[in-house]
Amino acid sequence: MPTLSKSELRNELRAGRLRPVYVLCGAETYLRNAAARHIADLAFGEGDLRDFNDDEYSLTRPDAMKDALAAAEQMPMMASRRVIRVSDVRVAATAQKDTLKEENEEALNAYLSKPSPDTILIFVADELSGNRKISKLLSKHAPLVEFERLAGPELERWANKEFSTLNSTVDGKVLRNLLALVGSDLNRLSNEIAKLSAASLPGGEVTQDLVDQLVERSNQTDHFQLTNLLMSGRSKEALTVLQKILDDGAEPLALLGLIAFNYRKLAATVGRVNPERLKKAIARTAAADLAIKTSVGGGGPAGARLQLEQLVLETIMSGQK
């Protein structure tokens with residue numbers, strides 16, 4: 001069974017096409033879980049008794065997979081379909097961490113080879129090691145849809161759409177600062193957007209002042225630490241902190257803006273840093289900003305990350321001359 005992209009899944013669902021089995025996986029849990037709910041919503045029509053036919057089984061409980069397959073074989077009760085969601089699915093590189101156990105393979109293969117036409121079975125996976133036999137069994141019989149964390153313009157589009165849905169607007173610079181503070185975790189980001197949108201009423205404009213007042217600066221310590229490491233010439237530690245910030249979902253351009261802001265604060269502190277070194281660091285930050293915007297060395301997240309790593313190394317090297 002081929003892998004489905006998120007857009008292909010969306011198009012199928014818009015066309016009303018539902019498959020008997022889905023495997024939804026990936027690090028972006030907000031969109032992944034939303035897709036599972038949306039599939040379930042589409043499975044039931046007006047008049048269907050959903051409460052009797054919509055069940056979830058967590059594989060953190062022993063025998064949950066056995067119970068889920070037994071439920072999938074049952075006829076719907078006063079509805080056109082049953083929906084069975086199997087959550088907390090994990091097939092790790094080693095069997096010790098699995099929640100979908102090898103002992104379920106035979107029963108799972110039997111069901112997937114001939115799934116019930118009256119049931120939609122949805123696997124919601126936290127981890128699926130492609131080298132494991134049971135993962136290959138799932139992908140053989142069901143479309144696999146991977147939900148990766150959003151980044152760059154895609155993340156900005158998603159956030160803008162959320163603001164628009166809540167009848168609010170946000171300037172591009174303010175949005176990038178928000179993303180740098182919150183990261184790419186859509187669960188938290190959606191909560192922050194809802195909070196900011198409510199606070200922006202009645203006008204509906206989300207300003208930087210609102211972000212400063214209402215958004216917890218969970219990443220701020222990392223940004224200050226990175227700036228201080230750049231100024232102190234500690235390259236190894238600076239690269240480690242940079243990797244953590246980016247892995248937490250910070251947007252590269254917004255991160256550069258925060259570093260520049262920190263530099264301005266340092267410039268106002270007489271005697272704290274060497275003025276010439278700070279001047280070089282600010283110039284290098286501006287050069288990195290231009291390089292990312294013009295895709296020097298490659299576009300996309302990989303190119304932006306490369307420019308930030310180069311920024312760290314060149315800032316430290318220039319300060320040592």
Legend entry - Per-region count, segment 93-136, residues in a loop (DSSP other than H, G, I, E, B) and either under 27 Å from residue 43 (Cα atoms) or under 20 Å from the mean Cα position of the chain (by Cα) (or both): 8
Legend entry - Residue list for segment 303-321, restricted to those being small (Gly, Ala, Ser) and modelled with pLDDT under 75: 318, 319
Inset, instruction - Look at residue 197 and say whether it is surrounded by 21 or more Cβ atoms within 10 Å (Cβ to Cβ), more than 18 Å from the chain's Cα centre (by Cα) and at pLDDT 95 or above. - result: yes
Legend entry - Filtered residues of segment 128-153 (kept if more than 22 Å from residue 114 (Cβ to Cβ), surrounded by 19 or more Cβ atoms within 10 Å (Cβ to Cβ) and either in contact with a Cys (Cβ under 6 Å, 6 or more places away or on another chain) or among the polar types (S, T, N, Q) (or both)): 128
Inset, instruction - Among the residues of segment 98-142, count how many are more than 19 Å from residue 66 (Cβ to Cβ), of a type in the set (Lys, Arg) and without any contact (Cβ under 8 Å) to a residue 12 or more places away in the chain. - result: 1
Legend entry - Meets criteria (β-branched (Val, Ile, Thr), free of Cβ contacts under 8 Å to residues at least 12 places away in the same chain and over 30 Å from residue 253 (Cα atoms)) for residue 60: no
Inset, instruction - Please work out if residue 188 is surrounded by fewer than 20 Cβ atoms within 10 Å (Cβ to Cβ) and modelled with pLDDT of 90 or more. - result: no
Legend entry - Total residues in segment 3-59, condition closer than 21 Å to residue 140 by Cβ, under 23 Å from the mean Cα position of the chain (by Cα) and assigned to a loop (DSSP other than H, G, I, E, B): 4
Inset, instruction - Run residue 78 past the list (1) among the hydrophobic types (A, V, I, L, M, F, W, C); (2) over 21 Å from residue 59 (Cα atoms); (3) in contact with a Phe, Trp or Tyr (Cβ under 7 Å, 6 or more places away or on another chain); (4) surrounded by 19 or more Cβ atoms within 10 Å (Cβ to Cβ) and report the number of the one that doesn't hold. - result: (4)
Legend entry - Any chance residue 247 is of a type in the set (Asp, Glu), at pLDDT 80 or above and closer than 24 Å to residue 211 by Cα: no
Inset, instruction - Just name the residue that is nearest to residue 20 (Cα to Cα) out of those in segment 109-125 that are hydrophobic (A, V, I, L, M, F, W, C) and crowded, with 21+ Cβ neighbours inside 10 Å. - result: 120
Inset, instruction - Working only within segment 34-71, note down all residues that are surrounded by 13 or more Cβ atoms within 10 Å (Cβ to Cβ), hydrophobic (A, V, I, L, M, F, W, C) and farther than 19 Å from residue 17 by Cα. - result: 59, 64, 65, 68, 69, 70, 71
Legend entry - Among the residues listed as 121, 166, 108, the single one being hydrophobic (A, V, I, L, M, F, W, C) and in contact with a Pro (Cβ under 8 Å, 6 or more places away or on another chain): 121
Inset, instruction - For residue 188, state whether it is under 27 Å from residue 168 (Cβ atoms), part of a helix (DSSP H, G or I) and of a type in the set (Lys, Arg). - result: yes
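The values are calculated or read from the model by the stated rules, or taken from the named source; none is laboratory data. Computed from a predicted structure; not experimentally measured. With ideal geometry, Cβ positions are generated from the backbone for all residues, glycine too; neighbour counts draw on all protein chains shown.
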